[in-house]
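Read-outs: derived from the displayed coordinates by stated rules, not from any lab. Owing to the predicted nature of the structure, the values given are computational and were not obtained by experimental measurement. Virtual Cβ from ideal backbone geometry, glycine too; neighbours counted across all protein chains shown.
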Amino acid sequence: MTLMQLEYIIEIYQCGSMNKAAQNLFVSQSAISTAIKELEDELGITIFVRSNRGISLTEEGQEFISKIHPLLQQAKEVELFYSDKNVQESSRLSISTQRYPFCAKAFVEFLKTQNDPHFRFGFKECPMGKVIEEVQTGKSDLGIIFLSDITEVFLSKLFHSKNLVFHEMKRLRPHVFMNKNHPLAQKKEIPLGELRKYPFVIFSKKDESSLNFSEEAVLSQTIDYRQIIYVNDRATAYNIIAHTTAISTGSGVLPDGYYDPRISAIPITSPVCDMQIGWISKKGEPLSEKAKEFVAILEEQIKKY
């Protein structure tokens, strides 16, 4: 059994015609027919049945198709990975971040500066635990997260155990996100205790009891939320907040065009722990030039606010 035979089978299946498949693959119909017959004999199955109405899969063929699809996909991924060996390492960059609009803006601004003929860039929004895992395993060059006075000790120990280092960019007072018609929307600052009256939108995670990995700025502080709404993505959170009295908390850094304009961000009244916004990387491993470019743009974006 060869990859070529498997590719022939998929093409015939998609075209519904051996003749059309042969044209698409630039081979003769007899060559395809012979290759399929040899494979059927080798495996002891019948993959296609021919009739006046064309060619169709047998039950064995349907089962076979389901098994070879993942193999061909993996083969294409391997081919793609090694097909561009002339791409320099500096043209590769992978970023993981908690769900911050200013990070998305920084990545877009980074893309605007690129003129390389070839590059492989990645940008992932994911929970804090996943950001840490991505950087620790080398899947991402760096990750953007926040610490607070409450979580700093735990996370510092975690970073040490995983050979990571945290680079603080800025300390920010947490803000409350709410719709512009919310009962609290006209306040200049909002005491922490007033938040407990309203549903609180939280990004769900594997261990919802672990407040050290919270994405919400004040979730780990001393406040009893009576109503909690778990979501998985930023767009859903925005829609819930924009249409209800639900609230959430975060950095308050909302660049124009990268957040829902129906939402306001209002500072939380002190005393409340500052958010320490920063990025993590592997200890002792220098950043690539592309990573340095991104970090410079990221720091520029966050310092504007």
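Given Cα pairs under 8 Å that are at least 6 residues apart, what percent is the relative contact order of segment 1-128? About 19 percent, as a whole number. Placing one equal scatterer on every Cα of segment 3-82 and applying the Debye formula, the log10 ratio I(q)/I(0) at q = 0.13, 0.20, 0.22 Å⁻¹ is -0.39, -0.91, -1.07. For the residue pairs LYS130/LYS283; LYS157/LYS303; LYS283/LYS303; LYS157/LYS197, alpha carbon separations beyond 30 Å are given by LYS157/LYS197. Aspartates and glutamates within cross-link reach of LYS282: Cα-Cα under 16 Å, excluding same-chain residues under 8 positions apart? Partners found: GLU133, GLU134, ASP141, GLU168.
Against the main long axis of the alpha-carbon atoms of the chain, helix 3-15 sits at an angle near 90°.
Kirkwood hydrodynamic radius of the chain, from the reciprocal of the average inverse Cα-Cα distance over all distinct pairs: 23.1 Å.
Largest mean-square fluctuation among GLU285, GLU168, GLU79, in a Gaussian network model of the chain whose springs join Cα atoms under 10 Å apart, belongs to GLU79. In a DSSP loop and with at most 14 other Cβ atoms within 10 Å, the trypsin sites (Lys or Arg not before Pro) in segment 90-178 are LYS139. Treating cross-link reach as a plain straight distance, find the lysines whose alpha-carbon is under 19 Å from the alpha-carbon of LYS76, omitting any fewer than eight places away in the same chain. Cross-link targets: LYS67, LYS85.
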